[in-house]
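**Q** Supplied in structure tokens, the structure appears directly below.
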Amino acid sequence: MYMPERSSRIQGFYKLPMSERLRIIAEMSGLTGDEVKTLSNLGNLPVEIADSMIENVVGGMTYPFAIATNFKINGVDYLVPMVIEETSVVAAASNAARMLRYGEGIRAEAGPQEMISQIHIVNVTAPQYKAMRIIEAKQEILEHAKQQDPTLLKYGGGPRDLEVRIADSRMGPVIIVHLIVDVRDAMGANTVNTMAEAVAPMLEKITGGQARLRIVSNYATRRIVRAWARTPSDEVGGLDVARKIMEASILAEIDPYRAVTHNKGIMNGIIAVALATAQDHRAIEAGAHAYASRTGCYKPLSYWEVDEQGFLVGSIELPLQVGIVGGATRVHPVAKIALKILNVKTAKELSEVMAAVGLAQNLAALRALVTEGIQKGHMRLHARNLAIMAGATGDLIDKISEKMISEGRIRYDYAKELLEKYLRGEST
Ligand SMILES: CC(C)(COP(=O)([O-])OP(=O)([O-])OC[C@H]1O[C@@H](n2cnc3c(N)ncnc32)[C@H](O)[C@@H]1OP(=O)([O-])[O-])[C@@H](O)C(=O)NCCC(=O)NCCSC(=O)C[C@@](C)(O)CC(=O)[O-]
Ligand SMILES: NC(=O)C1=CN([C@@H]2O[C@H](COP(=O)(O)OP(=O)(O)OC[C@H]3O[C@@H](n4cnc5c(N)ncnc54)[C@H](OP(=O)(O)O)[C@@H]3O)[C@@H](O)[C@H]2O)C=CC1
């Protein structure tokens, strides 16, 4: 719809009640009554929570919430909540988790939950000397940072260390200070930002420079999690399939075009759990892809090999910045339920589960790719979406998707053709 007169400059939009904002947008965009009704439906999110989570809210958008089954991680069974818009991801995760139940299942281990906060200092003369002076004052700076978060200290977290770097830039040398904080069960961005802002004036005084950025780094290299698994080749379809999975893994090691897709498959699982538990998934994605590039060349986050006994072995390593307190994790009512279903007790345990899910997700995709191809399983599950897109409702959704699957013609135009035939009462 062409609307030449509409302007996006809406002063004070944020001050209006949600219903009024929606009325304005509906009028400007020509939304029908049904469209307004659909958009205004907040699903399981109470209006006051929706309106405080983000700004300028006019409605809600619901994604399905699913449970991936079969996960055994460090000998414990987990029901894994996933929220995602893509067909076949949940089925694939459950499928591969079933193949990785051998022994203790998938093993996973995360290190300390330390975040890095950066304080960027400019206009420093004699930067080498000033860097030494910062190190000299380290205990005093850490002590001041500590005082910013008594709750965190109560849970055994707090500032741990300080690192100083001098970087050459086109405006001369700048000092970058890293404040390292054990954030325990929080994602930790707010926590460490508060500390960075609190210690910045001390750093200005010591260096005679000016503090500019005082912000968390999402390159969470002190929050690395590793997961690994070993399973008899028969679980994945035999030694031949296991070897082909290894070949697929090797392609990702030598070719960044493949590595990016390989890692996208891993993130299918990790981000789906992140969404279900209301994590900051942008932080997770940014950190993961930076880590994949840490050698200067984009690499896969996971590796698959075949060992001397013919077992398929896989491993994954990435930084994960996740929390079970703070952010939206305890605000969104569904995220709270997701954490209860998952039954994790710490942020460390959550990151171990997420790494294990990423590894399983990757296995499912590689196994499909080296055997029947991705489209068979994926498109079979996508057939229902195509039927709905074509306009099918009720029983016709299953009838049309089953017909497309049985004939191997899973396409939108065919779904439309079938729907028209059914609606005309013609036999298909
Ligand atoms: C789709 C399957 C699982 C079918 O696989 P299948 O062999 O036809 O399944 P099955 O009927 O033998 O069932 C095996 C298990 O899979 C699960 N399962 C099976 N069907 C369902 C279902 N409908 N709903 C929920 N779970 C399902 C379930 O756990 C089941 O065990 P059971 O419960 O029967 O004991 C398989 O083909 C597969 O794993 N495909 C991989 C699909 C995939 O990776 N999708 C991600 C999207 S594609 C993408 O974005 C990433 C990619 C591929 O580009 C990444 C890359 O290139 O690396
Ligand atoms: N670049 C980025 O990634 C940025 C992200 N963000 C956002 O920051 C949010 C996450 O920050 P985060 O600091 O986790 O959020 P919060 O500030 O909401 O939560 C952390 C706080 O929870 C309290 N707490 C209670 N129990 C525990 C426990 N067991 N372990 C640790 N802390 C505990 C602590 O103190 P207390 O009770 O005193 O608060 C702690 O400071 C996300 O919403 C993210 O999107 C913000 C800015 C930048």
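**Q** Considering only residues that are open to solvent by 50 Å² or more (accessible area, probe 1.4 Å) and within 17 Å of the chain's Cα centre (by Cα), look in the stretch 74-117 and name the one that is farthest from E372 (Cα to Cα).
**A** E85
**Q** Considering only residues that are assigned to a helix (DSSP H, G or I) and surrounded by fewer than 16 Cβ atoms within 10 Å (Cβ to Cβ), which ones fall in the stretch 228-250? Reasoning before the result, please.
**A** At the first step, the residues of the stretch 228-250 found to be assigned to a helix (DSSP H, G or I) are 233-236, 239-250.
Matches in the stretch 228-250: D234, L239, D240, E247, I250.
**Q** Check the stretch 146-156 and report whether any residue there is open to solvent by less than 20 Å² (accessible area, probe 1.4 Å) and touching a helix residue (DSSP H, G or I) at 6+ places or on another chain (Cβ under 9 Å).
**A** Just the residues of the stretch 146-156 that are open to solvent by less than 20 Å² (accessible area, probe 1.4 Å), to begin with: 152.
Still in the running and touching a helix residue (DSSP H, G or I) at 6+ places or on another chain (Cβ under 9 Å): 152.
Yes - at least one qualifying residue is present in the stretch 146-156.
**Q** Given the options G172, G209, name the one that is outside the structural domain of G310 (by the TED database), at positive phi and open to solvent by less than 40 Å² (accessible area, probe 1.4 Å).
**A** Numbers: G209 fails: at positive phi.
Checking each option against the conditions leaves just G172.
**Q** Out of all the residues in the stretch 51-62, is one or more surrounded by 15 or more Cβ atoms within 10 Å (Cβ to Cβ) and within 26 Å of N218 (Cβ to Cβ)? Please lay out each step first, then the result.
**A** Filtering the stretch 51-62 for residues surrounded by 15 or more Cβ atoms within 10 Å (Cβ to Cβ) gives 51, 57-60.
Okay, now just the ones that are also within 26 Å of N218 (Cβ to Cβ), so 57.
Looking for residues that are surrounded by 15 or more Cβ atoms within 10 Å (Cβ to Cβ) and within 26 Å of N218 (Cβ to Cβ), one finds at least one in the stretch 51-62, hence yes.
**Q** Among the residues of the stretch 180-195, write down those that are farther than 23 Å from S293 by Cα and within 25 Å of the chain's Cα centre (by Cα).
**A** At the first step, the residues of the stretch 180-195 found to be farther than 23 Å from S293 by Cα are 181-186, 188, 190-195.
Passing the criteria: V181, D182, V183, R184, D185, A186, G188, N190, T191, V192, N193, T194.
Quick grid of which residues meet (1) among the aliphatic types (A, V, I, L, M); (2) in contact (Cβ under 8 Å) with a residue 40 or more places away in the chain; (3) within 16 Å of ligand 2 (Cβ to nearest atom); (4) touching a Cys at 6+ places or on another chain (Cβ under 8 Å):
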| residue | (1), (2), (3), (4) |
| --- | --- |
| V322 | yes, yes, yes, no |
| A328 | yes, yes, yes, no |
| N343 | no, yes, no, no |
| A355 | yes, yes, no, no |
| L359 | yes, yes, no, no |
| K376 | no, no, no, no |
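**Q** So, I141, is that one open to solvent by less than 60 Å² (accessible area, probe 1.4 Å), touching a residue at least 40 places away in the same chain (Cβ under 8 Å) and over 29 Å from the mean Cα position of the chain (by Cα) or not?
**A** It is true that I141 is open to solvent by less than 60 Å² (accessible area, probe 1.4 Å), touching a residue at least 40 places away in the same chain (Cβ under 8 Å) and over 29 Å from the mean Cα position of the chain (by Cα).
**Q** Let me ask you something else. Residue check: is Q139 modelled with pLDDT of 95 or more, more than 16 Å from ligand 1 (Cβ to nearest atom) and outside any helix (DSSP H, G or I)? Spell out the reasoning first.
**A** On the way: modelled with pLDDT of 95 or more: yes; more than 16 Å from ligand 1 (Cβ to nearest atom): yes; outside any helix (DSSP H, G or I): no.
It is false that Q139 is modelled with pLDDT of 95 or more, more than 16 Å from ligand 1 (Cβ to nearest atom) and outside any helix (DSSP H, G or I).
**Q** Only one of E27, E20 is free of Cβ contacts under 8 Å to residues at least 40 places away in the same chain, assigned to a helix (DSSP H, G or I) and open to solvent by 90 Å² or more (accessible area, probe 1.4 Å); which?
**A** E27
**Q** Return the only residue of V370, V353, V313 being more than 15 Å from ligand 1 (Cβ to nearest atom), open to solvent by less than 50 Å² (accessible area, probe 1.4 Å), touching a helix residue (DSSP H, G or I) at 6+ places or on another chain (Cβ under 7 Å) and among the aliphatic types (A, V, I, L, M). Spell out the reasoning first.
**A** On the way: V370 fails: more than 15 Å from ligand 1 (Cβ to nearest atom); V313 fails: touching a helix residue (DSSP H, G or I) at 6+ places or on another chain (Cβ under 7 Å).
Sole residue among the options that is more than 15 Å from ligand 1 (Cβ to nearest atom), open to solvent by less than 50 Å² (accessible area, probe 1.4 Å), touching a helix residue (DSSP H, G or I) at 6+ places or on another chain (Cβ under 7 Å) and among the aliphatic types (A, V, I, L, M): V353.
**Q** Looking at (1) in contact with a Gly (Cβ under 8 Å, 6 or more places away or on another chain); (2) within 16 Å of ligand 1 (Cβ to nearest atom), which is the only condition D280 fails?
**A** (2)
**Q** Further, regarding this structure: Considering the stretch 118-134 alone, what residues qualify as being β-branched (V, I, T) and open to solvent by less than 60 Å² (accessible area, probe 1.4 Å)? Show your work before the answer.
**A** Taking the stretch 118-134 as the starting set, the residues that turn out to be β-branched (V, I, T) are 119, 121-122, 124-125, 134.
Selection gives I119, I121, V122, V124, I134.
**Q** Regarding the stretch 254-272, can at least one residue be identified that is in a loop (DSSP other than H, G, I, E, B), within 16 Å of ligand 1 (Cβ to nearest atom) and touching a Lys or Arg at 6+ places or on another chain (Cβ under 9 Å)? Explain how you work it out, then say what you get.
**A** Let us first name the residues in the stretch 254-272 that are in a loop (DSSP other than H, G, I, E, B), namely 255.
From the residues that got through so far, the ones that are within 16 Å of ligand 1 (Cβ to nearest atom) too are 255.
From the residues that got through so far, the ones that are touching a Lys or Arg at 6+ places or on another chain (Cβ under 9 Å) too are none.
No, the stretch 254-272 has no match at all.
The values are calculated or read from the model by the stated rules, or taken from the named source; none is laboratory data. Note that the coordinates shown come from a computational prediction; the quantities given were computed from them, not determined experimentally. Because the Cβ atoms are built from the backbone with ideal geometry, glycine has one as well, and the counts that use them run over all protein chains shown. Ligands, DNA and RNA are excluded from the accessible area calculation, which covers all protein heavy atoms including side chains. Shrake-Rupley method; radii C 1.70, N 1.55, O 1.52, S 1.80 Å.
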